[in-house]
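First comes the structure, then the notes that go with it.
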Amino acid sequence: MYLSAYWPASKPQYVTDPDPLPASYDWFREAVFHAFLHRQAGTDLWADVVTESGEEFFGKIIDIRQAFVEPASNDYTLETSLVLETLDGEVSFGGPGAFMEDHRAESVTLRANP
């Protein structure tokens, strides 16, 4: 209820700077938040993702779906995801409980274009 009703009605007072890169995250929402801040700053952003099943992916972040900061880029309430362009094509990642994305991420490392 809070994220779908109250959060969108509020006005941002302050948004932090993105974390220095490379940066690793075990909390998926924090990874998406900082990825979005880096995208807004013009960073050519790449990610290493380890999934709940232990698979490892690497690629350029081509889409970020979130509603933490404006402009929101999600299509539905609570959608929080990253899409990478990998050697095998586009792959989408969500956090714990994700059901629309291809994989659930366990950890994410963000880095500038290698």
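Values in this text are rule-based calculations from the coordinates and carry no lab data. These numbers come from a predicted model, not from an experiment. Every residue, glycine as well, gets a Cβ built from its backbone with ideal geometry; the counts of neighbours run over all protein chains shown.
Data for the structure
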{"quantity": "In order through region 22-32: 3J(HN,Hα) via Karplus (6.51 cos²θ - 1.76 cosθ + 1.60), integer Hz, x for Gly, Pro", "calculated": "x, 9, 10, 9, 9, 9, 4, 4, 5, 4, 5"}
{"quantity": "Region 23-112 pair-distance distribution - Cα-Cα, 5 Å bins, rounded %", "calculated": "3, 16, 30, 29, 17, 5, 1"}
{"quantity": "Relative contact order %, region 23-112, counting alpha carbon pairs below 8 Å whose residues are six or more apart", "calculated": "36 percent"}
{"quantity": "Label-point separation, THR109 to ASP44 (7 Å along Cα→Cβ), nm", "calculated": "2.0 nm"}
{"quantity": "In sequence order, calculated HN-Hα J values of region 95-103 (Karplus, 6.51, -1.76, 1.60; Hz; x Gly/Pro)", "calculated": "x, x, x, 4, 9, 9, 7, 5, 9"}
{"quantity": "Virtual spin-label span in nm between PHE58 and MET100, 7 Å along Cα→Cβ", "calculated": "3.0 nm"}
